[in-house]
Every structure is written in C-alpha cells, then in structure tokens.
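Worksheet: one structure, shown below.
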C-alpha cells in the first residue's frame, strides 16, 4: 500500500511537472504572419481562448482565423476553465521583399564596454594586484556606468578610473539583462595611471551578407544569426551600428575541418544604413542609401511560409567575383518546421560546380545569403558544417520577417 502511494505521488508530481513545463514553454508574446495558423502544442485540458471566451484552437474557418486581421490580439491560456497565462499575438502583413545577397561591412557599437578578459596589474611598488577580485564582475558583463556616470566607450572608462585618484569606484554592469553594482579599488601603476585589471571592448566589425529588404520601408534583415564577441562567445548587446559598403579582396576556400572565408575590406566603405538590433536570428535595421548596393529592384518576391518549403532544388544569391551577385544551385536536404528557437531550420547542400570550385561550399561571410525556391524567398544561409563545407544550415524567411517587424515595433 505504501509503495502504491509513493508511485501515485511520483506520477502526480510528474504530471504537474509536464504541465508546468508546457505552460512555461509557450511565450507571452507571439508574432504571426497574416493567414498563419496559431500552432501551439498544448497538453490535454489546456486551451487558448480570446478574451470573449472563444476557443482559438477550434477556429478553423478563413473568416475567423486568429491571424486573418492585422494587429494585436489578447489571448488566454486556460486549464480546467481557469486562466493560467496571458498571451499577446501580433499579426503582421505578409510583406513582399527583395532578396539581396549583397556583401556588406558591419560596425557595431555596444551600449557600454564589454569585459572580454582579466589580468593582474603590476603596481608602482612592482607587486602584482588583482583589483577586480571579489567584485563579482565576469567576462561577458557590460560596464555601463562608473560612479553613476554613463560609460559609452573604452576611453570613457579609462578617464573616469584615472579621475578616481586611487579611491574606490562604483561600477554598474549588466549581466543577462539585469543591472548590478559593485566597487573596485584601482591599482596605481609605475606610469602614474590607475587600472582595474579588466580588458574591455566597445565595438566590433566584420563582413556579412544582406538577406533581404522591404522596398517600401528600407527595413532589412542580414546574416540570419547574431554577432557574438570573439572572446566571450556571447551575443553582443549593441547600442547602434552602421552598415557600410565593402569590397571582397580574397576568398579562402573551405576544407574539411577548416572553414573558408570571404575576406573583405570596409576601411573606405560608405555608410548605407543603420543597425537597430543584434539578435540570435540575424541583425536588423534600415537601409538609407539603397542605390549604393547592387540589387534588382524589380525582383520583388513573396516570403514563403515554412509549411510550403520543400526538400529539393533551390538557389542562393551571393556576392563573390568582382563584387557582383550571382545565383547558385543548392539542394534543401532536410526541413525542421517546428523549430522556432533556433536559426538552424534547414540543412542545405551546395550542388553548383561553380560555387564549389570557388569556395568549396559555404564559407564565412556568406551567412545571410538568401535562399530562393519556386520564385519565393525561403530563408537565408546561417552556418557551415565544419566537417563538410558543402553542407550548412539555413533559417526560415518567415522567422526573419517576424524578427524584423518585431524590431520595428520596439
């Protein structure tokens, strides 16, 4: 009898855990493209209803589908007649876009200074000190203030620490979206400077590919993945950024176990747009000088919903020789339609002999190259498979479109 009660208790706790996990996995805010189904997987007894009590899961007709009308809809997740979570659905129009494939340069500026390393400091007495010890600061933290004054770049930090004249400074830093305060006593060096022992960075730059842009607004999506700091491997929290013209100077061909690379120069690039946000699903912003990039303004395409993407032949647009865009053949080998929290939604393979000859397949710098199938924008290249550069991953176009519209609203 006791064993039965234990088993029953374990079973009840397991069921509770399943429901808590399921409820927690459903985001509070959702974005749907007009006409898209609200495909949320819920356990038995859970249902989603509008504020007037209408069960959304049972709504199937075109007249009443939740995403038939553009705008925000407030919903409720219910269990046994009780609301357990509020949801907001933002329905956006299925905007036509122009797939680009243009290689561009990126300059990103952080909303503070990023801690990328730590080291001992040799003081004026020739002893070694670690002033940051016990401060709580770690690599990947973003320092935003010193003594309650905003820090926007490394020179700001250096100036404010030296102005301390050896007194403890209050440091405000951000980790995982939360603010923290600490104090550090700077160490005076033989050069008559005060230092914290922290290595910091305030900007990042590189080369990537524009995936698409809205011909009406100039809003764009690029890369299909976020830009990470090379030292911390964390997504860089940016304050702003610029997109500039770039020039490809060489191509390093990819080999098994050794990714290739598009090597470009952005030193003399002209600013053609601004970056609003760096996300796990790409970077987004607005093109202010579209005429500076190579594009076919007549090649407007619809965004293909993920449910319509098929395994089989497709093409990608990318810029290689003479900085001109070309279309190359690929094969979409596998599709993961249910993935919403990753930028690896498709496995693709380069089949075009011209591209294989030039690059060996997918190489760094091609991230963001638009994928086209049956005359529609399907997605963008995101990663290469290091052990087989002929293959890589792609992100769905609808994911990037939703992310771009979300950025617009923010």
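General observations
- Among 7, 347, 33, the order by Cβ neighbours within 10 angstrom, fewest to most, reads 7, 347, 33.
- Pairwise FRET efficiency - residue 6 versus residue 386, Cβ, R0 = 56 Å, nearest 0.05: 0.70
- In terms of packing, defined here as the mean over residues of other Cβ atoms within 10 angstrom, the peptides 8-17, 308-317 line up highest first as 308-317, 8-17.
- Compared with the alpha-carbon gap, the fully stretched path from residue 37 to residue 138 is longer by 32.1 nm at 0.36 nm per residue.
- With neighbour counts taken as other beta-carbon atoms within 10 Å, the residues 139, 333, 390 rank, fewest first, as 333, 139, 390.
- For the chain, a/c is not less than 1.5, where a ≥ b ≥ c are the root eigenvalues of the C-alpha gyration tensor, and a/b does not top b/c. That puts it in the oblate class.
- Over the residues of the chain, the helix contribution to mean residue ellipticity at 222 nm works out to -4000 deg cm²/dmol, using -39500 (n - 2.57) for each DSSP H run of at least 4.
- By the beta-carbon count within 10 Å of each Cβ, the least crowded to most crowded order of 144, 187, 88, 21, fewest first, is 21, 88, 144, 187.
- Summary of the geometry: segment 355-375 and segment 202-248, compared by the centres of their Cα atoms, lie 18 Å apart.
- What the Cβ-Cβ distance of residue 44 and residue 334 gives, at R0 = 41 Å and to the nearest 0.05, is a FRET efficiency of 0.85.
- For the chain: relative contact order, % (alpha-carbon pairs under 8 angstrom, 6 or more apart): 15 percent
The numbers here are math on the coordinates, done by the rules we state, and not lab data. Note that the structure is predicted; figures quoted are calculated from it, not measured. Every residue, glycine among them, receives a Cβ derived from its backbone with ideal geometry; neighbour counts consider all protein chains shown.
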